[in-house]
Amino acid sequence: MDLDSGAGLLHRLTSYVPSREWDVPLDDPRVRRDLVPNDPQTLPPPTKGYPEGLPVVALPRDLPDPGVPATAALAGVACPARPLDAAQLGRVLFLGAGVVRTAERNGHRVLYRASGSAGARFPLEVYASTRGVAGIPDGVHWYDPRHHALVQVAPAALGAATTLVVTGVPWRTGWRYAERGWRHLYWDAGTLLSQLSAATASAGVPPRLRTLFPDATVRQLVGADGVHEYPLALLSLGDGEPAIRPTGPAAPGELPPVELPLCTAAQRAGERDASATPWPDAAALADVPPSDPLDEVVRRRGSQRRMNRSRTLPRPLLEWPVAAALRGVDVPHWVAVHGVDDTAPGLYRWPDLSTPLRAGNLRDELLRICLDQSLAADAAYVVIAAARLSALDDRSYREAQLAAGLVEGRLHLAAYALGASASGMTFLDSEVPGLLGEPEDLAALLFTCVGVPKYPSRAGGGPGNPVEVRPVAPRHNGS
């Protein structure tokens, strides 16, 4: 990967180091310094806007729960096939992108979605290009998470399989994290796709994930301009050619006209014209512990803000969630163990948990590397995704980031299914190679903390009926 252009340049210029606070931009002309992070005056709206007059389909609010255990869906167990109709498609969309909780923060209404997002920014939009879904006309539809409805933005696309298109809005996450927010687009897309895929599979419909696709074609399909919004991934509901070839123009919708040129350049550097086969099916896990149904676990899931350092997790709550999370993913992962029964504290390279690469208590080191965010030290274990930059190009870099987010999202579901909790975590990039004992060109992708919760998450509500919550403040540096 070229560190002087494209995604490589963005990675280098947005890497955190100990000598600079995370919210202080690098002194480089390619980084915008005129945007104030977290400025209430420039807060972007939580969703895209469309004018009145477009066709709208209200999705059924009584979701058809298949009753499949969350662990079975994560393990890849085949589930009985159910019809893909408006109610089932609405269920899949809601369990990924629906609004399940709301809160008042600094005078603004925060919409917490079913899947996790750093800083509750949820910088994503979801479109459904439908073919043969009972109760929904064939067409390209934007999912309205507030009203649990589909807004038709373009005529039906060519192709056989109904396909969900996940796009990213860089300013929505850049408002808080500046240009580094481009990485968050792919992390958050991964967490979203983990839940969309699990919901699809639990209905007996095989989810087919594609991260290589013709970018320009998909932009045209959904009306994304490639600057303020761009496609990140496709998820087809079943086999067959994805319905992504546009037959007419799409309504562009409305987004704040704020550009982060470094992000635009990174995205364009990875654009391709080719389509690829979907990610291959991974073998199902033989061991499936009992759990509540997936739909219940998704609503219970949250981003844990405080964990109980004094309590440990049994070793199966490390082994099974990580195995399920990494099913079919080849991005390297490490595990820093703090408090797991029958497992010596230290650093391990997954899947070998027999002998640590580094033995001993790593809580203080993880706390420092994770910017004094207490979960890194209070968790029972921390899962670390990282990859060598020399093995990546502009496209595979973004695919690796998305894969790390997919693992994080699955870890969240597995942890909550089995009585633990989880939360994603950012880090000092420059310190991770030393932590892992790897060469300097190792790029940290994402940290996920798993542990014993200090408080129960309040279950989210159903479509159109989100639960009002009071946000819990994380603990910093032992406070």
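The values are calculated or read from the model by the stated rules, or taken from the named source; none is laboratory data. Please read all numbers here as calculations on a predicted model, not as lab measurements. Here Cβ is always computed from backbone atoms with ideal geometry, including for glycine, and neighbour counts include all displayed protein chains. Only protein heavy atoms, including side chains, enter the accessible area calculation; ligands, DNA and RNA are left aside. Shrake-Rupley method; radii C 1.70, N 1.55, O 1.52, S 1.80 Å.
Please work out which residue is nearest to Tyr348 (Cα to Cα), limiting yourself to the stretch 431-457 and to residues that are surrounded by fewer than 16 Cβ atoms within 10 Å (Cβ to Cβ) and in contact with a Lys or Arg (Cβ under 9 Å, 6 or more places away or on another chain). Give the steps one after another, and end with the answer.
Restricting attention to the stretch 431-457, the residues satisfying the condition of being surrounded by fewer than 16 Cβ atoms within 10 Å (Cβ to Cβ) are 434, 437, 439-441, 455-456.
In the following step, the residues that additionally are in contact with a Lys or Arg (Cβ under 9 Å, 6 or more places away or on another chain) were identified as 437, 439, 441, 455-456.
Details: Gly437: 11, Pro439: 17, Asp441: 20, Tyr455: 29, Pro456: 29 Å.
Per the stated criteria, the residue is Gly437.
Looking at the stretch 146-223, what helices (runs of 4 or more DSSP H) fall wholly within it and have at least 3 residues that are touching a Leu at 6+ places or on another chain (Cβ under 9 Å) and farther than 30 Å from Asn38 by Cβ? Break it down stepwise before answering.
Details: elements: 170-177, 181-202, 215-222.
In the stretch 146-223, the matching helices (runs of 4 or more DSSP H) lie at 181-202.
Would you pick out the residues in the stretch 152-182 that are among the aliphatic types (A, V, I, L, M), open to solvent by less than 10 Å² (accessible area, probe 1.4 Å) and under 30 Å from Thr426 (Cβ atoms)?
Leu164, Val165, Val166, Val169
Check whether at least one residue in the stretch 46-53 is within 30 Å of Val288 (Cβ to Cβ) and surrounded by fewer than 20 Cβ atoms within 10 Å (Cβ to Cβ), and report yes or no. First the steps, then the outcome.
Looking only at the stretch 46-53, we keep the residues that are within 30 Å of Val288 (Cβ to Cβ), and these are none.
No.
Identify the residue in the stretch 69-109 that is β-branched (Val, Ile, Thr) and either open to solvent by less than 20 Å² (accessible area, probe 1.4 Å) or assigned to a helix (DSSP H, G or I) (or both) and, among all such residues, is farthest from Ala201 (Cα to Cα). Write out each step before concluding.
The initial filter retains those residues of the stretch 69-109 that are β-branched (Val, Ile, Thr), namely 71, 77, 92, 99-100, 102.
Restricting the remaining residues to those that are either open to solvent by less than 20 Å² (accessible area, probe 1.4 Å) or assigned to a helix (DSSP H, G or I) (or both) gives 71, 92, 99-100, 102.
Values: Thr71: 12, Val92: 10, Val99: 21, Val100: 21, Thr102: 28 Å.
Once the filter is applied, the top-ranked residue is Thr102.
Residues in the stretch 122-136 that are touching a His at 6+ places or on another chain (Cβ under 7 Å) and among the polar types (S, T, N, Q): how many? Step through it out loud before you land on a result.
So the first thing to find is which residues in the stretch 122-136 are touching a His at 6+ places or on another chain (Cβ under 7 Å), and the list is 123, 127-128, 130.
Still in the running and among the polar types (S, T, N, Q): 130.
Total meeting the criteria: 1.
Of the conditions (1) under 21 Å from Pro18 (Cβ atoms); (2) surrounded by 23 or more Cβ atoms within 10 Å (Cβ to Cβ), Leu428 clears all except one; give me its number.
In the conditions (1) under 21 Å from Pro18 (Cβ atoms); (2) surrounded by 23 or more Cβ atoms within 10 Å (Cβ to Cβ), Leu428 misses (2) alone.
Kindly establish whether Tyr416 is closer than 16 Å to Pro332 by Cβ, at pLDDT 95 or above, out of contact with any strand residue (DSSP E or B) (no Cβ under 6 Å at 6 or more places or on another chain) and of a type in the set (Phe, Trp, Tyr). Give the steps one after another, and end with the answer.
Values: closer than 16 Å to Pro332 by Cβ: no; at pLDDT 95 or above: yes; out of contact with any strand residue (DSSP E or B) (no Cβ under 6 Å at 6 or more places or on another chain): yes; of a type in the set (Phe, Trp, Tyr): yes.
No: the conditions fail for Tyr416.
Among (1) open to solvent by 10 Å² or more (accessible area, probe 1.4 Å); (2) at pLDDT 95 or above; (3) within 23 Å of Val166 (Cβ to Cβ); (4) out of contact with any His (no Cβ under 9 Å at 6 or more places or on another chain), there is one condition Leu9 misses while meeting the rest; what is its number?
(3)
Within the stretch 322-363, can you find the residues that are open to solvent by 50 Å² or more (accessible area, probe 1.4 Å), charged (D, E, K, R) and within 27 Å of the chain's Cα centre (by Cα)?
Filtering the stretch 322-363 down to residues open to solvent by 50 Å² or more (accessible area, probe 1.4 Å) leaves 328, 330, 341-342, 344-345, 349-352, 354-355, 357-359, 361.
Now drop any that are not charged (D, E, K, R), which leaves 330, 341-342, 349, 352, 358.
Result: Asp330, Arg349, Asp352.
Checking Asp62 against (1) of a type outside the set (A, V, I, L, M); (2) modelled with pLDDT of 95 or more; (3) at negative phi; (4) surrounded by 15 or more Cβ atoms within 10 Å (Cβ to Cβ): exactly one of these is not met. Which one?
(4)
With over 18 Å from Arg61 (Cα atoms) and out of contact with any Pro (no Cβ under 6 Å at 6 or more places or on another chain) as the only criterion, which of Val133, Val140 stands out?
Values: Val133 fails: over 18 Å from Arg61 (Cα atoms).
Every option except Val140 fails the conditions.
Which residues, counting only those in the stretch 316-338, are small (Gly, Ala, Ser) and either closer than 15 Å to Pro356 by Cα or assigned to a helix (DSSP H, G or I) (or both)? Reasoning before the result, please.
Applying the first criterion (small (Gly, Ala, Ser)) to the stretch 316-338 yields 323-325, 328, 336.
Matches in the stretch 316-338: Ala323, Ala324, Ala325, Ala336.
Residues in the stretch 401-415: is at least one out of contact with any His (no Cβ under 6 Å at 6 or more places or on another chain), open to solvent by 10 Å² or more (accessible area, probe 1.4 Å) and small (Gly, Ala, Ser)?
Scanning the stretch 401-415, I find no residue that is out of contact with any His (no Cβ under 6 Å at 6 or more places or on another chain), open to solvent by 10 Å² or more (accessible area, probe 1.4 Å) and small (Gly, Ala, Ser), so the answer is no.
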